[in-house]
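Here's the structure we're looking at; comments come further down.
The values are calculated or read from the model by the stated rules, or taken from the named source; none is laboratory data. Predicted model only: the values in this text are computed from it and were never measured. Note that each Cβ is placed from the backbone with ideal geometry, even for glycine, and that neighbours are counted across all protein chains shown.
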Amino acid sequence: MISSHIKEFSKNAHTYDAHTSVQKEVAHYLVSKILNQPKRILDLGCGSGAVYRSISWPIDQFTGVDSAHAMLVQHPTCKGIETRCEDFESLAFQQTLEPSYDLIISSSALQWSRDIEAMIRFCAFTCKEGAFAVFTDKTFESIYAHTGLQTFLPNARTLLALFENDFTCSHEIKTFKLFFEDNRSLFKSLKKSGVSGGDKKLSITQTRALIQNYPHHYLEFEVLFVWGTPKSNGL
Ligand SMILES: C[S@@+](CC[C@H](N)C(=O)[O-])C[C@H]1O[C@@H](n2cnc3c(N)ncnc32)[C@H](O)[C@@H]1O
């Protein structure tokens with residue numbers, strides 16, 4: 001079954017790039033801290049290619065995986081790039097991968113994992129080095145506070161402890177603010193970004209009230225960045 005956030009990404013793929021400056025900044029920052037120029041790279045939840053576009057060194061092979069086909073068609077293509085339309089959590093898919101990527105990277109995608117702990121462990125077994133950026137529960141904090149809804153996003157400290165089980169790593173927790181001229185464009189962008197997860201939890205009346213009464217002209221995001229090497233993976 002295709003989950004609601006994947007449907008949302010597919011539906012909005014044509015406008016995704018114009019509405020995702022935070023995700024682009026996150027991908028760029030994540031890649032900018034990778035210093036040893038890995039040559040064989042696997043990108044989980046590659047979308048339209050923000051990670052690939054941020055890589056400035058020569059590489060041999062780049063595999064981008066995403067379950068939203070409409071995102072993948074916007075990914076750069078050239079010799080050495082392979083894109084695969086797959087659910088990165090599927091065991092059948094994971095078993096097809098070679099266990100020797102120099103780098104597994106995932107930017108703004110792992111927060112939707114059904115089992116993020118298993119994903120982190122899988123990455124530790126499949127790479128020499130990992131780089132991850134994950135949206136955390138402080139993302140859209142004001143909207144959640146205003147509506148009384150519960151975030152589905154993971155807490156940064158809890159998440160970091162999971163990474164530290166399997167990786168020797170460094171980390172940063174960064175906040176980003178995205179400013180808008182008015183609430184209507186703020187909510188339009190929120191919907192198109194896909195970061196909201198695609199779950200329709202507010203009624204139309206509640207959404208209208210939120211657009212009218214939301215007290216800020218910005219959206220806030222919190223991102224956990226992790227860079228590390230697996231503690232043991234048999235490679
Ligand atoms: C916010 S976008 C980020 C895309 C890109 N990494 C970037 O930095 O712009 C998240 C992407 O993860 C993909 N995604 C989420 N869960 C996935 C899963 N289980 N398997 C494959 N792709 C997934 C979505 O389809 C979407 O394209």
| query | Can you find a residue in the range 78-95 that is part of a strand (DSSP E or B), free of Cβ contacts under 8 Å to residues at least 40 places away in the same chain, of a type in the set (A, V, I, L, M) and surrounded by fewer than 23 Cβ atoms within 10 Å (Cβ to Cβ)? | reply | yes
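Does the range 52-68 hold any residues that are assigned to a helix (DSSP H, G or I) and touching a helix residue (DSSP H, G or I) at 6+ places or on another chain (Cβ under 7 Å), and which are they?
S54 - this is the single residue of the range 52-68 that is assigned to a helix (DSSP H, G or I) and touching a helix residue (DSSP H, G or I) at 6+ places or on another chain (Cβ under 7 Å).
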| request: Please list, ordered by first then second residue, the pairs with beta carbon atoms under 7 Å, 6 or more apart or interchain, first in the range 122-143 and under 24 Å from Q206 (Cβ atoms), second buried (at least 24 other Cβ atoms within 10 Å of the Cβ) and at pLDDT 95 or above. | output: F135/S108; F135/V223
| query | Residue check, Q74 against (1) of a type in the set (S, T, N, Q); (2) at pLDDT below 85; (3) more than 9 Å from the ligand (Cβ to nearest atom), all met but one. Which one? | reply | (2)
| task | Output the number of residues of the range 157-184 satisfying the condition of being in a strand (DSSP E or B) and of a type outside the set (A, V, I, L, M, F, W, C). | result | 7
| note | Reported set for the range 149-192 where residues are in contact with a helix residue (DSSP H, G or I) (Cβ under 9 Å, 6 or more places away or on another chain) and at pLDDT 95 or above is L159, L162, F163, N165, D166, F167, C169, H171, E172, I173, K174
